[in-house]
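J.: Before I ask anything, let me first share the structure, which is written out below as structure tokens.
The values are calculated or read from the model by the stated rules, or taken from the named source; none is laboratory data. Model, not experiment: these values are computed from the prediction. Using ideal geometry, Cβ is built from the backbone for each residue, glycine included, and neighbour counts are taken over all protein chains shown.
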Amino acid sequence: MIRIVLADDEQLTRQAVETLLNLEPDLEVVAGVDDGAKALLAVAEHKPDIIVLDLEMPTMDGLKTLELLGDQTVRGVMLTRHARPGVLRRALSLGAKGFLAKTAPASLLADVIRRVHAGMRYVDPEFAASALAEVDCPLTDRELEILRMAQDDRTATDIARALHLSAGTVRNYISAAMTKLNARNRNHAAAIARDHGWI
């Protein structure tokens, strides 16, 4: 049996997917949860082969959950209604092995789970095509790191302290990122980067 943890904040969707997957003779949903934090606990408790994560959950989204899972042996499959190309690339960089639309038939999800369990990958063809057409991120790794921290409402001084930089240097990085993204302010720059899946 392929053991699965399913995380989706939409109860009706989660229960329907769980029921359909449990009808498959080789699949078993060992836990269904409504957020990423509970998914991490379920993985620790049940040691599943696969975790199926909704990309957008209010408390802890699928990307953050995948990041916190790190190098654990569980393999991640992401489900989403809307996939921005940068989000797809970020999910894959965090170790996701499957990425498909919530509108996909249950039979395809079951097939993707089997493929991922066998060591293969699956990316929805439309999502993949969009990602290939997307413009590359113009920001440096340091600019992205600082914007990631800035979106948590940290001051330049707080960020500087955390990164062992001067506050002036942090402000210069933020200014450079704003210029490259044609953003009004640092929050707007962080929002643009987040919408593209760069942070």
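J.: So, in the range 76-95, of the ones that are part of a helix (DSSP H, G or I) and among the basic types (Lys, Arg), which residue ends up nearest to residue 5 (Cα to Cα)?
T.: This residue is 90.
J.: Considering only the range 9-30, state which residues are surrounded by fewer than 16 Cβ atoms within 10 Å (Cβ to Cβ) and in a loop (DSSP other than H, G, I, E, B).
T.: Once the filter is applied, which keeps residues that are surrounded by fewer than 16 Cβ atoms within 10 Å (Cβ to Cβ) and in a loop (DSSP other than H, G, I, E, B), the range 9-30 yields 10, 23, 25, 26.
J.: Now a separate question. As an exercise: evaluate residue 109 against (1) more than 28 Å from residue 18 (Cβ to Cβ); (2) part of a helix (DSSP H, G or I) and give the number of the one condition it does not meet.
T.: (1)
J.: I need the full set of residues from the range 145-160 which are buried (at least 16 other Cβ atoms within 10 Å of the Cβ), more than 18 Å from the chain's Cα centre (by Cα) and modelled with pLDDT of 90 or more, in order please.
T.: Hits for the range 145-160 are 146, 156, 159, 160.
J.: Would you mind stating whether residue 183 is outside the structural domain of residue 63 (by TED's automatic domain parsing), among the small types (Gly, Ala, Ser) and not in a loop (DSSP other than H, G, I, E, B)?
T.: No; evaluated as a whole, the condition is false for this residue.
J.: Further, regarding this structure: Do we find a residue being among the polar types (S, T, N, Q), more than 30 Å from residue 163 (Cβ to Cβ), outside the structural domain of residue 187 (by TED's automatic domain parsing) and not in a strand (DSSP E or B) anywhere in the range 44-66?
T.: No, the range 44-66 has no match at all.
J.: Based on what the data block shows, is residue 64 in contact (Cβ under 8 Å) with a residue 24 or more places away in the chain, surrounded by fewer than 20 Cβ atoms within 10 Å (Cβ to Cβ) and touching a Ser or Thr at 6+ places or on another chain (Cβ under 9 Å)?
T.: For residue 64, the condition - in contact (Cβ under 8 Å) with a residue 24 or more places away in the chain, surrounded by fewer than 20 Cβ atoms within 10 Å (Cβ to Cβ) and touching a Ser or Thr at 6+ places or on another chain (Cβ under 9 Å) - is not met.
J.: Still on this structure: Could you tell me how many of the residues in the range 154-180 are part of a loop (DSSP other than H, G, I, E, B) and closer than 24 Å to residue 94 by Cβ?
T.: Going through the range 154-180 one residue at a time, the tally reaches 1.
J.: Looking at 84, 121 in this structure, which one is under 27 Å from residue 23 (Cβ atoms) and surrounded by fewer than 20 Cβ atoms within 10 Å (Cβ to Cβ)?
T.: Being under 27 Å from residue 23 (Cβ atoms) and surrounded by fewer than 20 Cβ atoms within 10 Å (Cβ to Cβ) holds for just one of 84, 121, which is 121.
J.: Could you identify the single residue in 119, 98 that is assigned to a strand (DSSP E or B) and assigned by TED's automatic domain parsing to the domain that holds residue 52?
T.: Residue meeting the stated conditions: 98.
J.: Looking only at residues that are small (Gly, Ala, Ser) and surrounded by 21 or more Cβ atoms within 10 Å (Cβ to Cβ) in the range 87-118, which one is nearest to the chain's Cα centre (by Cα)?
T.: Going through the qualifying residues, I end up with 91.
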